[in-house]
Structure formats: structure tokens, C-alpha cells
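Following: one structure in C-alpha cells, then a few remarks.
The values are calculated or read from the model by the stated rules, or taken from the named source; none is laboratory data. Being a predicted model, the structure only gives us computed values, none of them experimental. Cβ sites come from the backbone with ideal geometry, for glycine too, and all protein chains shown count toward neighbours. Side chains are part of the model used for accessible areas, which takes the heavy atoms of the whole protein and leaves out ligands, DNA and RNA. Shrake-Rupley method; radii C 1.70, N 1.55, O 1.52, S 1.80 Å.
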Amino acid sequence: KQWYQRRVRGDVLAQLAESLGHIFKYHKASYLPIFCKKPSAEDDEGENPLSLMEHILNLLQPTQCSRDRQSALCVVDDLIEFCGSTATPLIPQVIQPIIQYISDPDPSTRQSAVYGAGICAQHGGDQFLPHLPIVLQRLSAMINDPESRSKEWAVATENAISAVGKIIEFHSNSINLGQILPMWLAWLPVTVDEVESKVTYSQLCKFIELYSAHLFSGGFQLLPSIIKIFAAALGTELINPAITSRMVGILRQMQSQLPSEALQSAWSGVNPEHQVRLQTALQTQQ
């Protein structure tokens, strides 16, 4: 009976989290005051009525089961993502559970936490900065774990790679780009999550356009990796037509601006099947 009650409770909380996510998506910051408002004593039977926000924070406690914590993380992710700067003052209240659950043993909880870390990096502004070093450390450790690419953890890992990309994208002045960019590039390609992959490959194109001095210095050592990553993504569902056009544009720019011997050397390191993908993309996108 207790097992059944826990399951029903988990189902109800999951549906509530999904409903709140839709509310935040469509009403955005206008719903936030309602979400954070305590009900009046007349509306609540308890002596100390809690707001929805306080209920979610309680569900994030380690004493709660993993499914309930994951549901609460989903609400937090949607809140920060869809309310934008209006929700920024709430980041100090939610960032510690997000950091804690980056290495959670439950794959869904871990995935929700690392996605939240990226959303906080994207929308958190100065509120996120004090937490940036530990978030980057935890994400990197999780990605570098020997089991991170296993079937069980792959989606969470690729979300973590995207989250580090958001740190690079939105906090470039607060990190060592010369160190972080090559580390991030070494984690690519991503091949499993076809939603988050589009975010990551769009980030890659942006970083090549903005930070070529970091990526192509030192004798073009990173060029073979970039070519291989493009070859792995082109012609697949991992990217969309806009990213395909962007990648092809970058490849053509490389052909016109980089030393031919460096480009030929990088190209020769690509396996024959992926070389065909590169040639097809260049010929198709005229």
C-alpha cells in the first residue's frame, strides 16, 4: 500500500511539474508573483501556509525521493528559462540543489540538474558568477567520468556539455578561454540527444566565428578535431538546415583563409564515409 501511495504521489507531482512548465512557458514572468505568493490563512488549512515556490524548494531536499526531486528540478529549470531576468533573484535559492544533483545517481535527476546549470549560466547574469567555478568543476568532472558516455548517462552528459557551452557563451570574460575552449572541444562530437545537439553545434559555430584566435593558434592543432566534428554532424538529424548552412560557410571560409597544407592534413584524418559527408554538404549548399 505504501509503495502504491508513493507511486501515485510521484505521478501527481510529475503532472504538476509538467503543468507548471506549460504555465511558465506561456505566461512567463507574469506568473512568477503568483508562484511565489503565500496563500492566505483562509485559503490554507495549515498554520504556516507555503507558496508554490516554497513547496518546490522543499521537494529539492535530499530527503525526498529521486523522482520528486527530479520533478522539482524540472519546475526550477522552466522557471529560470521562461521567466528570464525576472527570475534571476531566485537563483541563489535554487543553485545549490542544482550543483548537488549534477552528480546524482539517478539519470533523470542528473539530466535535469545539468540542464538547470546551463539555464542558470544563460540567464543568471551576475547572480550566477559566484557559483561559476564550482558549477564548471562539477560539470567537467561529470563529463570526464569514464562511464559518462554509457547508454545510461549519455543524455545527461551531452546536456552537461551544452551547459559548459553556455558558460563559455555568456561568461567568456570570467573564464580562461584558452583553457576552457579546447577542453570543451575535446568533448565533441555529441551524438545522442538530437534536441540538445542542435544547441551544442550552434555554440560550436559561434565559438569558431568569435574565437578563431584561440582555436586556430599553435599550428592549427585543433583544426583536425573541428573538421572531424563537422563531419560527424553533417547529414544527420543532430543539426538542422540553419546549422548545416553555417557549418558549410565556415568550411568554405577555412578553404579560402587557412593554409592549404593544414587543411589537407586535417581532411586526411577524416574517415572515408565522413569525407563523403563533407563533400556532399559542400556541393549541396551552393
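See the values below:
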| item | result |
| --- | --- |
| Cα-derived Rg over Rh, computed across the stretch 65-189 with Rh taken as Kirkwood radius | 0.95 |
| Candidates L90, L50, L139, ranked by Gaussian network fluctuation over the chain, Cα under 10 Å, top entry | L50 |
| The stretch 16-100 pair-distance distribution - Cα-Cα, 10 Å bins, rounded % | 17, 50, 30, 2 |
| The stretch 106-156, accessible surface, carbon-and-sulfur percent (1.4 angstrom probe) | 50 |
| Gaussian network model of the chain, Cα within-10 Å springs - most flexible of S140, S85, S217 | S217 |
| Scaled radius of gyration (Cα, divided by 2.2 N^0.38 Å) that the chain gives | 1.15 |
| ³J(HN,Hα) computed for each position of the stretch 270-279 - Karplus, 6.51 cos²θ - 1.76 cosθ + 1.60, integer Hz, glycine/proline x | 8, 5, x, 4, 6, 4, 4, 4, 5, 4 |
| Most mobile of S19, S268, S40 in a GNM of the chain (Cα contacts under 10 Å) | S40 |
| Formal net charge of residues neighbouring I56 (Cβ-Cβ distance under 12 Å; K, R +1; D, E -1) | -3 |
| Projected label distance in nm at K25 and Q93, using a 7 Å step from Cα toward the beta-carbon | 2.4 |
| Accessible carbon and sulfur surface of the stretch 161-202 relative to its total accessible area, %, 1.4 Å | 50 |
| Excluding exposed DSSP-loop trypsin sites (Lys or Arg not before Pro) (at most 13 other C-beta within 10 Å), longest clean stretch of the chain | 152-286 |
| Å² of accessible area per residue within the chain, as computed with a 1.4 Å probe and no ligands counted | 50 |
| Rg/Rh (Cα only; Kirkwood hydrodynamic radius) as it applies to the stretch 162-265 | 0.94 |
